[in-house]
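To start, the structure itself, in structure tokens.
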Amino acid sequence: MISPYLRALRAPFLAGSLVTVLVGSAYSFSLGAFSPLLFIITLLGVGALHLGANLLNDYYDARGSDPINVRVTPFSGGSRVIQEGELSAHWVLLMGLFFLAVGIASGIWLIFLGRPWVMFFGGLGLFTGWVYSASPFQWMSKGLGELVIFFAFGPLITLGTFYVMSNSVSWAAFLVGFPQGFLVAAIIWVNEFPDFQADAEAGKRNLVVRLGLKASRYGYIIIMLCAFASVIVLVGAMGMSYLIMLSFASLPLAYKAAKTVWRQYQSLEGLIPAQAVTIQTVIANGFLLSLGLALSRFAGK
């Protein structure tokens, strides 16, 4: 049986941030800028901030939609450790603050290694994690959560990672995070389907609640299509290597997830495979995109 402390972390969702760090590092590597030490510290910092955000989300949802949510899946509805009495809300909050502190400490380490602007990138990541869930902001309830997730788990991470590796910034480093940003937003989007009734009753008016389940199927498909279209834009408009088109090998997974959402959008059990395959798409796409970027260093265009 999994410890409630581990369940509270919702660690499998770390793929959404850590794979994006890999993408940003691979882009840096393609330009000849990479440090194993800086890579490890960045993974530690981003991962800690992500875990802290997960725990804060559980803490604030325990006062909102989670107590009335009966349509729980392995991927949505929170960790349930508070609702099942395994951990107190106060303890979950303390855990969240601890991981945020680890993330801040990692940023301070990078600053001492000569990357002063980590304060800006890390602070922005910390801010987005806070306003997504915490009062009085709670952008997750105001139709802004999906946009926050896209930004925080996509271009912000790739740009910040590129800065750490190269001590410089570029629009390309920002834009290379778009595919992962869209795909991580798709995770949030599909997870809002089973939570629809509880979110609506708790006043958590995310975009799926605002659009309704039937119309939100189109939103999910558009987000998935944007992830792959943005790769084409990176090649055609930004001049990145055609090798990043390797990421299109994950398209069958995206198609499978989209088909399941389209057909099973009202079924709790039917949505679980779509949730799982969406996460698989994030991982596969990110690794393949990173591979293409890394290989481009040796192959040119």
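Report, ordered by the first and then the second residue, all pairs with beta carbons closer than 7 Å, sequence separation of six or more or different chains, a first member in the stretch 245-257 that is touching a residue at least 60 places away in the same chain (Cβ under 8 Å) and within 8 Å of N285 (Cα to Cα), and a second member that is among the polar types (S, T, N, Q) and surrounded by 15 or more Cβ atoms within 10 Å (Cβ to Cβ). Between residues of the stretch 245-257 that are touching a residue at least 60 places away in the same chain (Cβ under 8 Å) and within 8 Å of N285 (Cα to Cα) and residues that are among the polar types (S, T, N, Q) and surrounded by 15 or more Cβ atoms within 10 Å (Cβ to Cβ), the close pairs are S247/N285. Among the residues of the stretch 194-207, those that are in a loop (DSSP other than H, G, I, E, B) and either more than 22 Å from F151 (Cβ to Cβ) or modelled with pLDDT of 95 or more (or both) comprise P194, A202, G203.
Looking only at residues in the stretch 11-64 that are of a type in the set (S, T, N, Q) and out of contact with any Leu (no Cβ under 7 Å at 6 or more places or on another chain), the one that is surrounded by the fewest Cβ atoms within 10 Å (Cβ to Cβ) is S35.
Checked against (1) closer than 21 Å to L144 by Cβ; (2) of a type in the set (D, E, K, R); (3) within 21 Å of the chain's Cα centre (by Cα); (4) part of a helix (DSSP H, G or I), R210 meets all criteria but (3). List pairs: first residue in the stretch 141-169 and buried (at least 20 other Cβ atoms within 10 Å of the Cβ), second residue part of a helix (DSSP H, G or I) and acidic (D, E) anywhere in the structure, Cβ distance under 6 angstrom, at least six positions apart or on different chains. Final answer for the pair search is none.
What residue, of L87, L49, is of a type in the set (A, V, I, L, M) and in a helix (DSSP H, G or I)? Working first, answer last.
On the way: L87 fails: in a helix (DSSP H, G or I).
Of L87, L49, the one residue that is of a type in the set (A, V, I, L, M) and in a helix (DSSP H, G or I) is L49.
Restricting the search to the stretch 82-120, which residues are in contact with a Leu (Cβ under 6 Å, 6 or more places away or on another chain) and either modelled with pLDDT under 95 or not polar (S, T, N, Q) (or both)? Passing the criteria: V92, M95, G96, F99, G103, V118. Going by what's in this entry, would V169 be described as part of a helix (DSSP H, G or I), out of contact with any strand residue (DSSP E or B) (no Cβ under 6 Å at 6 or more places or on another chain) and either on the phi < 0 side of the Ramachandran plot or at pLDDT 95 or above (or both)? The answer is no for V169. Candidates are the residues of the stretch 105-157 that are among the β-branched types (V, I, T) and farther than 23 Å from V190 by Cβ; the one that is nearest to the chain's Cα centre (by Cα) is V118.
Close contacts from the stretch 30-41, counting a first residue that is more than 19 Å from I244 (Cβ to Cβ) and a second that is assigned to a helix (DSSP H, G or I) and of a type in the set (G, A, S), with Cβ to Cβ under 6 Å and a gap of 6+ residues or different chains, come to F39/S25; I41/S106.
When the stretch 205-235 is limited to residues that are of a type in the set (K, R) and touching a Gly at 6+ places or on another chain (Cβ under 9 Å), the one that is surrounded by the most Cβ atoms within 10 Å (Cβ to Cβ) turns out to be R205. Within the stretch 236-245, the set of residues being within 12 Å of L289 (Cα to Cα), out of contact with any Gly (no Cβ under 6 Å at 6 or more places or on another chain) and assigned to a helix (DSSP H, G or I) comprises Y242, M245.
The values are calculated or read from the model by the stated rules, or taken from the named source; none is laboratory data. Because the structure is a prediction, the values reported are computed rather than measured. Quick reminder, even Gly has a Cβ in these numbers, built from the backbone with ideal geometry, and neighbours come from all protein chains shown.
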